[in-house]
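Visitor: Have a look at the structure that comes next, please.
The values are calculated or read from the model by the stated rules, or taken from the named source; none is laboratory data. Every value quoted in this text rests on a predicted model; they were computed, and no experiment measured them. Cβ coordinates were reconstructed from backbone atoms using ideal geometry, including for glycine residues, and neighbour counts include every protein chain displayed.
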């Protein structure tokens, strides 16, 4: 389940998730992990923190070592893992965040975005069951935010439970399956995002605003005299909903990427790429690509405007890509995938 | 960028980066000792040659401008110091005397010679230390210190100060700019006040940072020490032998040449 | 026409680096236009604006303020820096005193202004930013959003002609962000030239009349936003994404087979352009002493707020307000749904709101409104 904890500054988001890994101990009440109440002994806590990793907003607070690889190795070495395994984890986690070529660099020489990715790699190297990300996209430029969110989706697909804590309503709305809203230290809502955002007063009292897609949809539909549901969460879903039944829908040509970049057909239409492996391969081969980031959305938007497009993606993400596109069926026509 | 960051950049691009840091340290310390043990004025020249060649090799024969400046600065201070030594003679032939307020000033041949020796030793020592600094970043140094079993607490303090030092420097620069934007340096008293405010700001943010770092450390299962993934190259026997050899050779050379060159004799015709 | 701030062939290197951080920049900030400097992290945005108030000195090229080349002598710098002020991303970097009042007074005092002038300016700045009730408070006790306003107030007290805001909404929660941008709009309307420096494309698109795009120390585009975003290759290379509003409009226009222009920047503009709206009416009520009675008279109509002073007063009087933030957009949205709506605004904002309504006409919606003063 993709979970978001949302609330204004000072609503208690971080205080809450520091309870999840036992940094803070509740004055009253109990925290459960996997159905068992937390124990606050040294060993139990250490065990828990290997399973529940937190990536804080400001990477400078959690990078301690002087080189990238030392920092990524910090967690695993604390877990007394064997050297070969540590090496494997350094490589895989740095590869995932696209920082492998920086492994021997001093951390102080990295840019903010790079430091943020190293902090994430440090958490990934612990191979946690639950990953808590505090404002994962704050301070990142738009492309880098997209890249981080795509990585997060890959992790979810691989079975990691990801919890994002944020005040960014647009991010929360497009990504979350379930939201928990905090206001002044109280949990005021848990459930799917739509019912919460439909309640203007609650949203305002929580220090938040309605997500753009949500409010555009509600105004459009009330003016057209139609039902607000189903609620589109992305622009392509909104478009699918607004398109007429006889509108021409474009075709998405699907090309799974396995080992080598096969000839991308130079057909007319935009080319999008999805997945970290594909992105790396494309960067090396310098192929022409139109949508480096947010490509599924880009191709869907094209399809809604009646244009054909090509989508190249990591083969292991096949189901994720197809599912994402198929969601359009709830709102209108699904573009044909060939 | 401050000098600290520049030095760091230099060290990380050094050709001697992956040499055993402890070996480098041992070598430099022994050379410095040899530099001081004998009274020969020729030994500092050997030390200087070693230091300069280390620096040259480490920086790929391009000694950066700022290091040259730093050396010149040090030189200026040393010259002043040597000048003071030369006029505070207590024994030997008086070459020159004067009275300043209630102090009697004497320059003797002994003090004259001593001043030169101190100057040469100082310059040579600086060169060797610079040679070490341009090839060894602080983290490597701390690893070396760990190998000689310096208390873990001290080593970790060095690492953390190094790590957070950069962050605080970054912030200080931003705050300095912000204060300049609001005319905080308009006048002497105001500059002092502003600098104090920046100091307070940095202090507050450093305590905040320490607080948050503590939490983040716990999140990553910190067990009281920083484990090392890539230990630096071990200091082999050859390092020890080589360093000892150089040191011994310098001392022997020094003992042999003690008193061969007398600066006073050299300058006798010219100055006195 | 002369630019307010101009640079000619500006080149700047950081010490010890070989690639320039800024490479032959020729930028012209037009007076009266809402300007954005856009670029990814590390593109050189801050280095550039530090040149505007002479914190950084170019290695070659010149910087002109109001047509005059900058002088880097001490006297000249004082004048310049009070005219070109910078609000940094992190307010904690620019708060130097321990109480709110003292901190706002910091700039004017440093300028050696007479006591009563300093006092007057502090009052103004407190009022403009809605911090009057916090004037005696310790700066450490303020919330993040309030500290951000304090940083802004500290600059306003110098009566700047140009205010550069670096990532103004970063770290603010959504309501605080809207609040701050509304304040910026108000200030801009009252004659302060505001330049935003950001990588947030949605913010930039909603705000800017003119954008200047930086990439790796080079200025690659100057002009209206649409010109830049229409070129996907440039957008990609710059490290940003097209704004959501731009994309939706483009695709909807394509789908409906209507032209992309005029380009909507706000939700109400988009809706006006894309669907038939109903006719409602907007009652604009400028802030006055008897505002409470004026608003409570009409109970079943939605009430929105625009402007810092109005927001402060309505909250103080515990009035029921439906749209405390984003008031203009929300009230217009109600009107377009055929309802009536009240917008309470600061006295200096009436014309600003009228302008915004006129702007909506370009997208096909003619909102009926009256001003009840």
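Visitor: Test residue A:152 against the criterion of being in contact with a strand residue (DSSP E or B) (Cβ under 9 Å, 6 or more places away or on another chain) and more than 14 Å from chain C (Cβ to nearest Cβ), and give yes or no.
Guide: yes
Visitor: Find the residue count for segment A:325-338, including only residues that are surrounded by 17 or more Cβ atoms within 10 Å (Cβ to Cβ) and out of contact with any strand residue (DSSP E or B) (no Cβ under 9 Å at 6 or more places or on another chain).
Guide: 5
Visitor: For segment A:195-299, which helices (runs of 4 or more DSSP H) that fit wholly inside it have 1 or more residues that are at negative phi and surrounded by fewer than 18 Cβ atoms within 10 Å (Cβ to Cβ)? Explain how you work it out, then say what you get.
Guide: Working: elements: A:200-205, A:212-224, A:235-242, A:276-285.
The helices (runs of 4 or more DSSP H) meeting that bar are A:200-205, A:212-224, A:276-285.
Visitor: Another question about this same structure. Do you know which of the residues in segment C:1-25 that are in a loop (DSSP other than H, G, I, E, B) and touching a strand residue (DSSP E or B) at 6+ places or on another chain (Cβ under 6 Å) is nearest to the other protein chains (Cβ to nearest Cβ)?
Guide: C:21
Visitor: Kindly list the number of the only condition in (1) under 28 Å from the mean Cα position of the chain (by Cα); (2) loosely packed, with under 15 Cβ neighbours inside 10 Å; (3) without any contact (Cβ under 8 Å) to a residue 60 or more places away in the chain that fails for residue B:211.
Guide: It is condition (1) that residue B:211 fails.
Visitor: I would also like to ask the following. Every residue in segment C:132-161 that is in a loop (DSSP other than H, G, I, E, B) and within 15 Å of residue C:105 (Cβ to Cβ), please.
Guide: Result: C:135, C:136, C:137, C:157, C:158, C:159.
Visitor: Could you count how many residues in segment C:320-356 are more than 20 Å from residue A:215 (Cβ to Cβ) and within 14 Å of chain A (Cβ to nearest Cβ)?
Guide: 1
Visitor: Those residues that are at pLDDT below 90, crowded, with 20+ Cβ neighbours inside 10 Å and in a loop (DSSP other than H, G, I, E, B), I need them from segment A:141-180; list them, please.
Guide: Selection gives A:141 alone.
Visitor: Restricting the search to segment A:1-33, which residues are over 23 Å from the mean Cα position of the chain (by Cα), assigned to a loop (DSSP other than H, G, I, E, B) and surrounded by fewer than 13 Cβ atoms within 10 Å (Cβ to Cβ)?
Guide: Correct list: A:25, A:26, A:27, A:28, A:29, A:30.
Visitor: Moving on. Pick from segment B:225-237 the residues that are free of Cβ contacts under 8 Å to residues at least 24 places away in the same chain and assigned to a loop (DSSP other than H, G, I, E, B): which of them is farthest from the other protein chains (Cβ to nearest Cβ)?
Guide: Ranking the qualifying residues of segment B:225-237, first place goes to B:230.
Visitor: Quickly run through segment A:82-131 and pick out the residues that are crowded, with 19+ Cβ neighbours inside 10 Å, assigned to a loop (DSSP other than H, G, I, E, B) and in contact with a strand residue (DSSP E or B) (Cβ under 7 Å, 6 or more places away or on another chain).
Guide: A:126, A:128
Visitor: Now for a different question. Name the residue that is farthest from the other protein chains (Cβ to nearest Cβ), counting only residues in segment B:1-30 that are under 14 Å from the mean Cα position of the chain (by Cα) and modelled with pLDDT of 85 or more.
Guide: B:29
Visitor: Give the residue, chosen from C:130, C:154, C:171, C:107, that is farther than 18 Å from residue B:180 by Cβ, in contact with a helix residue (DSSP H, G or I) (Cβ under 7 Å, 6 or more places away or on another chain) and within 11 Å of another protein chain (Cβ to nearest Cβ).
Guide: Just a single option satisfies the conditions, and that option is C:171.
Visitor: So which of B:242, B:226 is touching a helix residue (DSSP H, G or I) at 6+ places or on another chain (Cβ under 9 Å) and modelled with pLDDT under 85?
Guide: Being touching a helix residue (DSSP H, G or I) at 6+ places or on another chain (Cβ under 9 Å) and modelled with pLDDT under 85 holds for just one of B:242, B:226, which is B:226.
Visitor: I want to confirm something. Restricting to segment C:42-63 and keeping residues that are within 14 Å of chain B (Cβ to nearest Cβ) and assigned to a loop (DSSP other than H, G, I, E, B), which single residue is modelled with the lowest pLDDT?
Guide: The extreme case among them is C:42.
Visitor: Go through segment C:215-311 and tell me which helices (runs of 4 or more DSSP H), entirely inside it, have 3 or more residues that are within 9 Å of another protein chain (Cβ to nearest Cβ) and either over 22 Å from residue C:44 (Cβ atoms) or without any contact (Cβ under 8 Å) to a residue 12 or more places away in the chain (or both).
Guide: On the way: elements: C:225-229, C:232-237, C:244-256, C:267-274, C:291-296.
In segment C:215-311, the matching helices (runs of 4 or more DSSP H) lie at C:232-237, C:244-256, C:267-274.
Visitor: Which residues, taken from segment B:218-258, are surrounded by fewer than 11 Cβ atoms within 10 Å (Cβ to Cβ) and within 22 Å of residue B:38 (Cβ to Cβ)?
Guide: B:241
Visitor: Could you list, in sequence order, all residues of segment A:65-77 that are over 19 Å from residue B:142 (Cα atoms) and within 7 Å of chain B (Cβ to nearest Cβ)?
Guide: A:75, the sole residue that qualifies.
Visitor: Now for a separate question. Taking the criterion of being part of a helix (DSSP H, G or I), in contact (Cβ under 8 Å) with a residue 24 or more places away in the chain and over 28 Å from the mean Cα position of the chain (by Cα), would at least one residue in segment B:104-118 satisfy it?
Guide: Looking for residues that are part of a helix (DSSP H, G or I), in contact (Cβ under 8 Å) with a residue 24 or more places away in the chain and over 28 Å from the mean Cα position of the chain (by Cα), one finds at least one in segment B:104-118, hence yes.
Visitor: Filtering segment A:302-315 down to residues that are in contact with a strand residue (DSSP E or B) (Cβ under 9 Å, 6 or more places away or on another chain) and assigned to a helix (DSSP H, G or I), which residue is nearest to residue C:232 (Cα to Cα)?
Guide: A:302
Visitor: Does segment B:152-161 include one or more residues that are modelled with pLDDT of 80 or more, within 13 Å of chain A (Cβ to nearest Cβ) and buried (at least 16 other Cβ atoms within 10 Å of the Cβ)?
Guide: No, segment B:152-161 contains no residue that is modelled with pLDDT of 80 or more, within 13 Å of chain A (Cβ to nearest Cβ) and buried (at least 16 other Cβ atoms within 10 Å of the Cβ).
Visitor: Report the residue count in segment B:166-186 for those that are at pLDDT 80 or above and assigned to a helix (DSSP H, G or I).
Guide: Of the residues in segment B:166-186, 14 are at pLDDT 80 or above and assigned to a helix (DSSP H, G or I).
Visitor: Separate question: Going by the conditions given, is residue B:197 facing chain C (nearest Cβ under 9 Å), surrounded by 16 or more Cβ atoms within 10 Å (Cβ to Cβ) and modelled with pLDDT under 85?
Guide: Numbers: facing chain C (nearest Cβ under 9 Å): yes; surrounded by 16 or more Cβ atoms within 10 Å (Cβ to Cβ): yes; modelled with pLDDT under 85: no.
In short, no.
Visitor: Test residue C:196 against the criterion of being more than 14 Å from chain A (Cβ to nearest Cβ), under 12 Å from the mean Cα position of the chain (by Cα) and assigned to a strand (DSSP E or B), and give yes or no.
Guide: Spelling it out, residue C:196 is indeed more than 14 Å from chain A (Cβ to nearest Cβ), under 12 Å from the mean Cα position of the chain (by Cα) and assigned to a strand (DSSP E or B).
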